[in-house]
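The structure appears below as structure tokens.
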Amino acid sequence: PVENKRVIALDYGGAKLMAKLLCDDPSCHLLAIVLVNLTFAGIDLRKDLLSLSSSTDGNSSVALVESLAFALRIASLTKEEYEARIATIEECQAEITNTPAD
């Protein structure tokens, strides 16, 4: 029921958590499917899911839309673009932890 979706997605932060997890692993189709299915819920839940929310740094964002857009962007990369992106991420992680990148 829509009432359960609202509690889990908004009150318990499920949609925000799934959006963050999707950004961590854009290849996780299950997360994308669940998030997209939430947009087919009742109109009130849809409005709340897509309303601007302030983050801790003072910026407003729509986490659901941003995470789905990010996953689509990653999915559309060529193999070379994806490998270059992974190399850059590994270099940044190595700098943060002061360990050499693989």
How far apart, in nm, are the 7 Å Cα→Cβ label points at N4 and T97? 3.9 nm
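As a test of reading the structure, rank L64, L72 by solvent-accessible area (1.4 Å probe, protein chains only), most first. Write down the numbers at each step before the final one.
Details: L64 10, L72 125 Å².
Greatest to least solvent exposure: L72, L64.
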How much length is gained if the chain between E81 and K20 is pulled fully straight, taking 0.36 nm per residue apart and subtracting their Cα-Cα distance, in nm to one decimal? 19.8 nm
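The values are calculated or read from the model by the stated rules, or taken from the named source; none is laboratory data. Since the model is a prediction, treat every value here as computed from it, not as a measurement. Positions of Cβ are backbone-derived with ideal geometry, glycine not excepted, and every protein chain shown enters the neighbour counts. Just so you know, the surface numbers come from the protein's heavy atoms only, side chains and all, with ligands and any DNA or RNA stripped out. Shrake-Rupley method; radii C 1.70, N 1.55, O 1.52, S 1.80 Å.
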